[in-house]
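I have placed the structure first, in the form of structure tokens, so that the comments after it can refer back to it.
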Amino acid sequence: MVMPWPWPMPDDHSFRALWDEPQHHDEDVRLAALVAQRLSADWSTRRQQITVMVQNRVVILTGLVANAETRRAAGELAWDVEGVTDVCNALRLAGHRRGRS
């Protein structure tokens, strides 16, 4: 005898599609826009080559900046945006190369 497959009931949340997951993407897009707006408004970061990405409310800053003070300022501006849970400041200094070992 073959047992029937147990299908979930309409109100059973154990069988969810990916698009039913919480909308982290929308929040990430909103946070990226806010961080980018803040960076473009600040005099020390506005003309720098900074890329802003956000994943799960973690801001990732990449690109090139003129000096260490600008790198630090960009990280602080990102932290100041409400809703950001962490900042990965991967900004590099323009003209600064790593030495080879």
Convert each backbone phi in the stretch 80-88 into a coupling constant with the Karplus relation 6.51 cos²θ - 1.76 cosθ + 1.60 (shift: θ = phi - 60°), then list the ³J(HN,Hα) values in order as whole Hz, x for Gly and Pro.
-> 6, 7, 5, x, 6, 9, 6, 10, 9
On full extension of the chain, what length is gained from Arg30 through Val84, given 0.36 nm per residue of separation minus the C-alpha to C-alpha distance?
-> 18.4 nm
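Rule-based calculations on the coordinates, nothing more; no lab input. As the structure is a prediction and not an experimental result, all values here were calculated from the model.
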